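No value in this document is a laboratory result; all are computed from the given coordinates. Just so it is clear, the model here is predicted, and its values are computed rather than measured. Methodologically, a virtual Cβ is constructed for each residue, glycine included, from the backbone with ideal geometry; neighbour enumeration extends over all protein chains shown.
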Amino acid sequence: MFSFVQEKKRLVQIIFAIIVLPFALWGVESYNQSGRGANFAATVNDTSISQQEYKNALRQHEGRLRQQFGENFDPALLQSAEIQREIMDSLVSQKLMLEKAREMNLLVGDEQVATLIGGIEVFQNEGKFDRAQYESSLANQGLSPLMFEARVRDEILWQQIQNAYSRNGYASSSAVENIIRLNEQQRTVSVHPISFQSFIGQANVEEDAIKKYYNQNMQEFQVGERAKVEFVKFSMDELLAKIKVDNEDVRNYYNEHQAEFGTPEERQVSHILISLGANATQAQHDAAKEKTEQLLQQIKKEPGKFAELAKANSQDPGSAGNGGDLGFIVRGMMVKPFEDAVFALQDGEISGLVKSDFGYHIIKLNAVKPSKAIPFEQAANEISSKLREQKAFEKYAELAEEFNNTVYEQSDTLKPAADLIGGKIQRSGWLTNGVTSGEPWTSNMLQAIFTDEITKGERNTSAIEVAPNTLVAARVVEYKPTEVQPFADIKDSIQLKLLHEQAFNKASEQGKEILEKLQNGDEPKISWGPVQTITRAEYGSLDAVLVKKIFQSNAEKTPYYMGVEDNAKGYVLVRIDAVKDGEIADEEKLQRYSQQLRQLTGDEMFRAYLADARQNADIKINLPDSTPE
């Protein structure tokens with residue numbers, strides 16, 4: 001459901017108490033993603049999907065595609081109606097399942113959310129959750145902590161619903177046993193390939209046949225419109241290589257940002273929390289305060305019993321079992337009243353009553369790790385790189401609009417644009433309309449080139465973004481319209497194709513004649529290959545397609561003979577000598593197969609439920625060119 005969680009999470013062993021309270025203090029709460037307002041991307045019963053929510057999902061899908069395809073990623077993929085519909089369908093399914101979760105009164109506790117997020121490696125520093133890193137990472141994704149935590153909560157609910165089906169599929173003993181017999185069935189086979197290559201010498205193709213094929217299949221030999229272009233590329237990476245940073249600037253940055261270059265002071269704390277709900281009455285406030293004061297008096301008399309009293313009385317589920325221990329914290333992890341109290345304590349000291357939005361706390365400072373600064377010499381390279389990137393980005397932002405204006409205003413040449421950025425004019429080979437080949441020849445770039453205005457008007461294209469922070473402008477220097485390749489140019493390739501077809505047909509004819517004799521009980525003289533035993537998972541020397549067809553055959557009586565046409569080889573004769581079903585004796589195997597079958601049937605139940613829910617839901621899609629369901 002939420003791609004960022006799926007891509008980044010890694011559940012690791014952590015000290016649970018370090019994670020839970022910080023999240024509780026931040027106010028992890030339900031976040032309404034219904035997006036109610038005038039501008040919906042879709043509505044699902046009484047819930048809305050906002051345009052922003054749809055755009056976020058689209059952007060996350062783009063991130064996955066960029067990671068998958070690298071420099072070959074084409075942004076035009078996201079303009080596909082099929083992709084956009086797929087993303088919207090996923091969002092609709094999510095809303096339906098969350099609606100079902102609410103009907104079933106399923107809840108997700110703060111502990112579950114905190115554990116999951118705390119185990120996401122990208123949010124950790126030296127193996128520990130780091131709030132500053134957490135917020136920075138989310139900001140880069142265009143998310144606030146509240147939004148992210150709400151989506152994690154929804155993700156857990158989604159999984160609970162799906163697991164309710166997938167973990168409760170049905171698998172009868174007889175079905176499991178039959179699957180084992182079939183899936184682990186062994187077949188003892190030999191093969192005799194008849195290669196079409198041995199018939200090439202017998203094939204003969206006249207020129208009239210070649211011309212006939214050419215005339216009847218001209219579409220096959222059509223070449224799309226092509227162009228050679230000269231182009232100028234403007235990217236932040238190229239600027240970065242030219243940026244210089246003075247040592248003085250590096251030193252000044254270090255001096256002005258000391259907090260970035262070292263480890264902050266850490267304090268190990270324990271606490272007792274008497275919690276209050278957001279809508280607590282004054283009487284509840286008074287009762288909680290009184291109970292906390294009573295506990296404080298007990299602790300003052302017997303400080304050594306702090307952990308024991310925390311276990312018995314604290315209402316923070318994450319830390320109570322550990323005697324209130326929250327582990328080490330740094331500034332910025334807690335809400336202000338709690339943090340101020342922690343950093344005002346001396347080592348071993350116990351606070352008075354501390355009130356936060358979550359109730360009343362008694363805090364004990366167990367240990368202090370002082371801050372440590374990284375020497376300038378160790379930080380200099382990192383600072384220099386950061387300043388160079390910063391300057392390159394600023395320069396790119398400054399020149400990008402001017403670059404675009406230059407290629408437009410001086411549209412009969414690219415030289416002024418190249419001079420502006422200190423770049424050079426490059427030249428392409430033949431580009432074919434609609435045939436992308438990675439950066440910079442993306443779909444958007446080719447669309448910009450292959451217009452009448454550009455191919456016939458001798459004008460520059462506009463500056464097209466072909467990758468993040470990368471612009472390209474081009475102009476056509478040579479152009480060829482769509483044409484059919486001349487017969488003389490492709491005559492030989494057609495001849496070879498027809499020769500292969502003839503040879504293949506001869507191999508197939510011979511193979512079928514031999515197969516008929518074998519099936520009638522004759523024994524033609526052929527050389528069978530070595531006997532080998534195969535399964536559906538272990539192919540021996542055979543390929544997967546052939547093995548699949550062997551196991552599809554009904555070889556009740558052996559030897560069993562069959563033949564398979566193979567476009568790459570010719571014709572393959574197969575002799576099946578024996579069939580042995582998989583053994584069921586292993587109890588562990590029975591359990592493993594049973595579990596897999598339950599998973600499969602459960603997943604099918606879930607898909608059926610989802611299809612039924614969609615059919616009975618009131619769904620309206622408001623994306624461009626869409627129609628209500």
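What to note about this one:
- Electrostatic bookkeeping for residue 276 treats Lys and Arg as +1 and Asp and Glu as -1; over the other residues with beta carbon under 13 Å from its beta carbon, the sum is -1.
- Set 311/369; 128/391; 415/456 screened for pairs whose C-alpha atoms are more than 30 Å apart: 128/391
- HN-Hα J in Hz across the range 192-203 - Karplus 6.51, -1.76, 1.60, θ = phi - 60°, x for Gly and Pro: 9, x, 10, 6, 5, 4, 6, 9, 4, x, 8, 7
- Amide H contacts under 5 Å for residue 262, placed H, 5+ residues apart: 374
- Local electrostatic count at residue 498 - Lys and Arg +1, Asp and Glu -1, tallied over other residues with Cβ under 14 Å: -1
- Which of 178, 197, 365, positive extreme of dipole for the chain (C-beta unit charges): 178
- Residue (of 541, 474, 496) at the positive-pole extreme of the range 443-577, dipole from beta-carbon charges: 541
- The Rg/Rh ratio for the range 143-301 is 1.29, where Rg is the radius of gyration of the alpha carbons and Rh is the Kirkwood radius.
- Each residue of the range 349-354 was assigned a 3J(HN,Hα) from its phi angle through the Karplus curve 6.51 cos²θ - 1.76 cosθ + 1.60 (θ = phi - 60°); the sequence is 7, 10, 6, x, 6, 10 Hz, with glycine and proline shown as x.
- Range of Cα positions in the chain per principal axis (Å), largest first: 107, 79, 55
- The range 455-463 - phi-based ³J(HN,Hα) in whole Hz, Karplus 6.51/-1.76/1.60, Gly and Pro as x: 6, 10, x, 6, 10, 6, 6, 6, 6
- Sorting 531, 152, 191 from the fewest to the most surrounding beta carbons within 10 angstrom yields 531, 191, 152.
- Each of 451, 442, 432 was scored by other Cβ atoms within 10 Å of its Cβ. Arranged with the fewest first, they read 451, 432, 442.
- The relative contact order of the chain comes to 26 percent, based on Cα pairs under 8 Å that sit 6 or more residues apart.
- Part-to-part distance (alpha-carbon centres) for the range 255-300 and the range 445-468, which is given in Å: 62 Å
- Each label point was placed 7 Å from the Cα along the Cα-to-Cβ direction; for residue 583 and residue 545 their separation is 3.6 nm.
- Proximity of backbone amide H atoms, modeled 1.01 Å from N, is registered between residue 570 and 196 at under 5 Å, excluding neighbours fewer than 5 places apart on the same chain.
- Taken as Cα centroids, the range 336-408 and the range 80-158 sit 24 Å apart, rounded to the nearest whole angstrom.
- Viscosity 0.890 mPa s, 25 °C: Kirkwood-radius Stokes-Einstein D of the range 200-270 over Cα pairs, µm²/s: 115 µm²/s
- Between residue 476 and 459, the built amide H atoms are under 5 Å apart, and every one of these is 5 or more places off in sequence or on another chain.
- Relative contact order of the range 265-370, pairs being alpha-carbon contacts under 8 Å that are 6 or more residues apart, as %: 44 percent
- Relative counts (whole %) of C-alpha pair distances in the range 226-380, using bins that are 5 Å wide: 2, 8, 14, 15, 12, 9, 6, 6, 6, 5, 5, 4, 3, 2, 2, 1, 1, 0
- Charge tally in the Cβ shell below 11 Å around residue 477, where Lys, Arg are +1 and Asp, Glu are -1, residue 477 excluded: 0
- For the range 266-328, the alpha carbon convex hull comes to 91 Å³ per residue, rounded to a whole number.
- Convex hull volume per residue in cubic angstrom - Cα atoms of the range 435-497: 106 Å³
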